[in-house]
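Single-structure report; data block below.
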């Protein structure tokens, strides 16, 4: 068992674990805005899996394009997250900005 | 059974909670669950490509990655207009 196989399995299991955590979190968390955090976690899991593929296959057809797909996911998932959060706010209360009846509570830990 | 096939099977289990929230949650939550499920699909296509050693199939993952974001944006736009 070479170092390459060990590194591949480490990154693959890390990626799969992150993706599974994201999938479980979708059911565990309660709010839309809590659930929106998870697509970023899933994108990092995709990046770990792509790194595992690159280590296994080096920079071949499969390795290159897996890395491309993962980087596209990492770059693009915040955009989708922002759009969904904004749409949820607008569907809820007409405008996404903070209204006069809301106030932001800041916990003072000091 | 190699490591990649095992990883694919484990990833397929991850669809169950996403499907549950898509069916039972409110509409914005279903959209968030859909975006997590699309990331799962991209990774599943990558691992299945390596598991069955069919290199050209990696294109499916490359194409699905931007397409899923476009789909989420379209759904979000309809969600804004729904009220």
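Nothing in this text is a laboratory measurement; each read-out follows from the coordinates by a stated rule. Being a predicted model, the structure only gives us computed values, none of them experimental. All Cβ positions, even for glycine, are placed from backbone atoms using ideal geometry, and neighbour counts span all protein chains on display.
Observations on the structure shown:
- Relative contact order computed over chain A (Cα-Cα under 8 Å; 6+ residues apart), in percent: 25
- Gap separating the Cα centres of the range A:75-95 and the range B:1-66, nearest whole Å: 22
- Note: relative contact order over the range B:3-81, using C-alpha pairs below 8 Å and six or more positions apart, is 32 percent.
- Residue list for the range A:54-97, given a label point 7 angstrom along the Cα-to-Cβ vector of residue B:27 and an amide N cut-off under 20 Å: A:80-97
- Rg in Å to one decimal, and Dmax rounded to a whole Å, for the protein assembly as shown via C-alpha atoms: 18.1, 63
- Computed over chain A with a Gaussian network model linking Cα atoms closer than 10 Å, the most mobile of A:34, A:64, A:92 is A:92.
- Average 1/r across all pairs of distinct alpha carbons in chain A, invert it, and you get the Kirkwood radius: 16.3 Å.
- Remark: spin-label model distance residue B:81-residue B:57 equals 3.8 nm, labels positioned 7 Å along the Cα→Cβ axis.
- Counting only other chain Cβ atoms within 10 Å of each residue's Cβ, the peptide A:66-75 averages 6.
- Prolate/oblate/rounded call for chain B, Cα gyration tensor, a/c under 1.5 rounded: oblate
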